[in-house]
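The values are calculated or read from the model by the stated rules, or taken from the named source; none is laboratory data. Small disclaimer: the values here were computed from a predicted structure and weren't measured. Because the Cβ atoms are built from the backbone with ideal geometry, glycine has one as well, and the counts that use them run over all protein chains shown.
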Amino acid sequence: MDRPGLEPTEIDLLLEAVFRKYGYDFRSYARASIERRVRQFMASGGFASVSEMALKVLNDRDLFSRLVRYFSVPVTELFRDPQVYRAVREQVIPLLKTWPHFKIWHAGCATGEEVYSLAIILKEEGVYDRATIYATDFNDEALERAREGVYGAAKMKEATHNYQAAGGKASFSEYYHSRYDAAAMNAELRERIVFSTHNLASDSVFGEMHLVFCRNVLIYFNRGLQNRALGLFTESLVSGGFLCLGTKEDLRFSEVNSFYEVVDRKARIYKRKAAL
Amino acid sequence: MKETGTRYKAVVIGGSAGGVEALGIILAALPAGFALPVLVVQHLHPSDDGGFASHLGRLARLAVVEPCDKEIIERGKIYTAPANYHMLAERDGTIGLSVDERVNWSRPSIDVLFESAALAWGAGVVAIILSGASADGAKGMLAVREAGGLTIAQDPAGAGSPAMPQAAIAAGGVLEVLKAEDVGRLLAGLNFEPLRGI
Ligand SMILES: C[S@@+](CC[C@H](N)C(=O)[O-])C[C@H]1O[C@@H](n2cnc3c(N)ncnc32)[C@H](O)[C@@H]1O
């Protein structure tokens, strides 16, 4: 932070250059977070300034890919916020059951922990076979790990605890098998999941959905991009479909607020009103 | 030290083990109508569900808010970082939250808040590091100091866990070392002309 006056401008130039050259748009990301990531990436790569780094990124696709992965922050957990899964189990699934077949979209699924967590709930409620689950992210590397569904064994203790807090009906260990220091999620949890690349900043609507999960992704966007993503969800949800956001993300101040009613305020579960 | 207050834009406070007690003393000393926003990172158990904010709310005269992402920062309100989220100050005067990796084994991290505050408000920041058994906040204090802000460490001698203020002092970013009671008094005086005769 030697030149606090200059650096924000250099960061603007970096993001603009990345957009023009590679088509990835980080200009509308939440500023303080993305600046932090830029500065850390700069330090880790030994660059003297953001401008120097920008030039290298423009001329080196591999470096660019690493930067994108660094911006993506695929940090997630199995059964993060257990009360949310409990609310889905108790308040959403009974209504999903009224459709003979339903579609779920996990937007920004990172390495997939959230997708497997919900799959377990669907199994336990006896509706898994009626679901088609789309798990998307713009980070290919994270998606690949989601597809594999192998997580660190060290995480299983907390996951088990959270699974129980989410109202789990079985023993959590039934859903994975241990391999050395890793835990591989059961392949049958994956049967109805389709993993694919989708960028909320540039891609368009993704089918007709009955439930959209987009948790802790919007916090990385500015208001404009948040409204774009929420617009996609609103367009793709059937009337009576559900939207579930992160526990610190709120629809109240968004452009789409009037299209929803609150199902569970704490769990940030909303229901798409019938189109007028 | 005499401060007129007009140059300050925000107060940021970081605490860990033993910090809640000091925080209570400081926040209780702030008068209704205190003219700056106060942003607090206290290391919490990840499952804390607003309990900490309610606790502070009972002690303080100012409103205590556990903010949502993009919440507009208002003067005279106390914002506490939610468990399991980093809290950042944005230049446009809103709060940003993130679930980035832990920093110094902590989320929320004090460094993350303080460094963002230094970028958002520069010399307008008052940063206070309280009791804790960690080194979180030491870099953030330095960033605030380098930006020209006022940096205060709770006196390690009176802190439940002295390591955190000590680490900040050792890193070189601390301007004043004060007891929690005196921090409260100093803050309360920042924006108000002292009463005649006191
Ligand atoms: C912090 S993770 C959240 C993971 C999970 N939903 C959870 O709450 O645990 C954020 C994810 O959003 C993804 N993301 C960020 N920007 C995106 C975009 N423009 N399009 C799609 N995914 C994006 C990142 O790649 C990352 O995997």
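Select from segment B:67-83 the residues that are more than 8 Å from chain A (Cβ to nearest Cβ), surrounded by fewer than 24 Cβ atoms within 10 Å (Cβ to Cβ) and not in a strand (DSSP E or B) and list them in ascending order. Of everything in segment B:67-83, those that are more than 8 Å from chain A (Cβ to nearest Cβ), surrounded by fewer than 24 Cβ atoms within 10 Å (Cβ to Cβ) and not in a strand (DSSP E or B) turn out to be B:Glu71, B:Ile73, B:Glu74, B:Arg75, B:Gly76, B:Ala83.
As a summary of the residue check, A:Ala48 satisfies the conditions (1) in contact (Cβ under 8 Å) with a residue 24 or more places away in the chain; (2) loosely packed, with under 15 Cβ neighbours inside 10 Å; (3) assigned by TED's automatic domain parsing to the domain that holds A:Gly23 except for the one numbered (1).
For A:Met53, the test of being outside the structural domain of A:Asn199 (by TED's automatic domain parsing), buried (at least 19 other Cβ atoms within 10 Å of the Cβ) and more than 21 Å from B:Asp100 (Cα to Cα) is passed.
Tell me yes or no: at least one residue of segment B:151-172 is within 14 Å of another protein chain (Cβ to nearest Cβ), crowded, with 24+ Cβ neighbours inside 10 Å and farther than 14 Å from B:Ala10 by Cα. For segment B:151-172, residues within 14 Å of another protein chain (Cβ to nearest Cβ), crowded, with 24+ Cβ neighbours inside 10 Å and farther than 14 Å from B:Ala10 by Cα: absent.
Looking at segment A:162-174, can you tell me whether even one residue there is among the hydrophobic types (A, V, I, L, M, F, W, C) and touching an Asp or Glu at 6+ places or on another chain (Cβ under 8 Å)? There is at least one residue in segment A:162-174 that is among the hydrophobic types (A, V, I, L, M, F, W, C) and touching an Asp or Glu at 6+ places or on another chain (Cβ under 8 Å). The set of residues from segment A:211-240 being among the β-branched types (Val, Ile, Thr), closer than 29 Å to B:Ile95 by Cβ and more than 14 Å from chain B (Cβ to nearest Cβ) comprises A:Val212, A:Thr234. The single condition from (1) in a loop (DSSP other than H, G, I, E, B); (2) in contact (Cβ under 8 Å) with a residue 60 or more places away in the chain; (3) not small (Gly, Ala, Ser) that B:Glu101 fails is (2).
Only residues that are without any contact (Cβ under 8 Å) to a residue 24 or more places away in the chain and touching a strand residue (DSSP E or B) at 6+ places or on another chain (Cβ under 6 Å) were counted across segment B:135-192, and they come to 1.
Take residues that are aromatic (Phe, Trp, Tyr) and tell me which of the helices (runs of 4 or more DSSP H) falling wholly in segment A:60-138 contain 3 or more.
Details: elements: A:61-72, A:82-87, A:93-96, A:113-124.
Output list reads A:61-72.
Taken over segment B:55-66, the criterion of being buried (at least 18 other Cβ atoms within 10 Å of the Cβ), among the charged types (D, E, K, R) and away from chain A (no Cβ under 14 Å) is satisfied by no residue.
If we scan segment B:24-36, do we find a residue that is surrounded by 23 or more Cβ atoms within 10 Å (Cβ to Cβ) and touching a Ser or Thr at 6+ places or on another chain (Cβ under 9 Å)? So far as segment B:24-36 goes, no, none of its residues is surrounded by 23 or more Cβ atoms within 10 Å (Cβ to Cβ) and touching a Ser or Thr at 6+ places or on another chain (Cβ under 9 Å).
Every test in (1) within 16 Å of the ligand (Cβ to nearest atom); (2) modelled with pLDDT of 95 or more is passed by A:Gly167 save one, and that test is (1). Every residue in segment A:73-101 that is near the ligand (Cβ under 8 Å from one of its atoms) and surrounded by fewer than 19 Cβ atoms within 10 Å (Cβ to Cβ), please. The answer is A:Pro74, A:Val75.
Which residue, of A:Glu208, A:Glu158, is away from chain B (no Cβ under 14 Å), surrounded by fewer than 22 Cβ atoms within 10 Å (Cβ to Cβ) and among the acidic types (Asp, Glu)?
A:Glu208
Screening A:Ser258 against (1) more than 20 Å from the chain's Cα centre (by Cα); (2) within 14 Å of chain B (Cβ to nearest Cβ); (3) part of a helix (DSSP H, G or I) leaves a single unmet condition, (2).
A single member of A:Leu232, A:Leu218 is at pLDDT 95 or above, within 25 Å of A:Leu96 (Cα to Cα), within 13 Å of the ligand (Cβ to nearest atom) and surrounded by fewer than 23 Cβ atoms within 10 Å (Cβ to Cβ), and it is A:Leu232. Between A:Phe41, A:Phe71, which is closer than 23 Å to A:Leu245 by Cα, within 14 Å of chain B (Cβ to nearest Cβ) and touching a residue at least 12 places away in the same chain (Cβ under 8 Å)? The match here is A:Phe71.
Total residues in segment A:189-206 satisfying the condition of being assigned to a loop (DSSP other than H, G, I, E, B) and over 12 Å from the mean Cα position of the chain (by Cα): the figure is 8. Report yes if some residue within segment A:17-26 is within 10 Å of chain B (Cβ to nearest Cβ), surrounded by 14 or more Cβ atoms within 10 Å (Cβ to Cβ) and within 27 Å of the chain's Cα centre (by Cα); otherwise report no. Within segment A:17-26 (the criterion being within 10 Å of chain B (Cβ to nearest Cβ), surrounded by 14 or more Cβ atoms within 10 Å (Cβ to Cβ) and within 27 Å of the chain's Cα centre (by Cα)), the answer is no, since none of the residues qualifies. Filtering segment A:73-92 for residues that are under 24 Å from A:Tyr151 (Cβ atoms), at pLDDT 95 or above and of a type in the set (S, T, N, Q) leaves a non-empty set.
Give the residues of segment A:236-269 that are away from the ligand (no atom under 16 Å from the Cβ) and of a type in the set (D, E, K, R), sorted by residue number.
Of segment A:236-269, the ones away from the ligand (no atom under 16 Å from the Cβ) are A:237-241, A:251-265.
Selection gives A:Arg252, A:Glu255, A:Glu261, A:Asp264, A:Arg265.
When we screen A:Tyr116, A:Tyr134 for residues that are under 19 Å from A:Pro82 (Cα atoms) and surrounded by 15 or more Cβ atoms within 10 Å (Cβ to Cβ), the only hit is A:Tyr116. Tell me whether segment A:45-55 contains one or more residues that are in a helix (DSSP H, G or I), within 14 Å of another protein chain (Cβ to nearest Cβ) and not hydroxyl-bearing (Ser, Thr, Tyr). Yes: segment A:45-55 contains one or more residues that are in a helix (DSSP H, G or I), within 14 Å of another protein chain (Cβ to nearest Cβ) and not hydroxyl-bearing (Ser, Thr, Tyr). Consider segment B:88-128 and keep the residues that are basic (Lys, Arg) and surrounded by fewer than 21 Cβ atoms within 10 Å (Cβ to Cβ). The one that is nearest to the other protein chains (Cβ to nearest Cβ) is B:Arg91.
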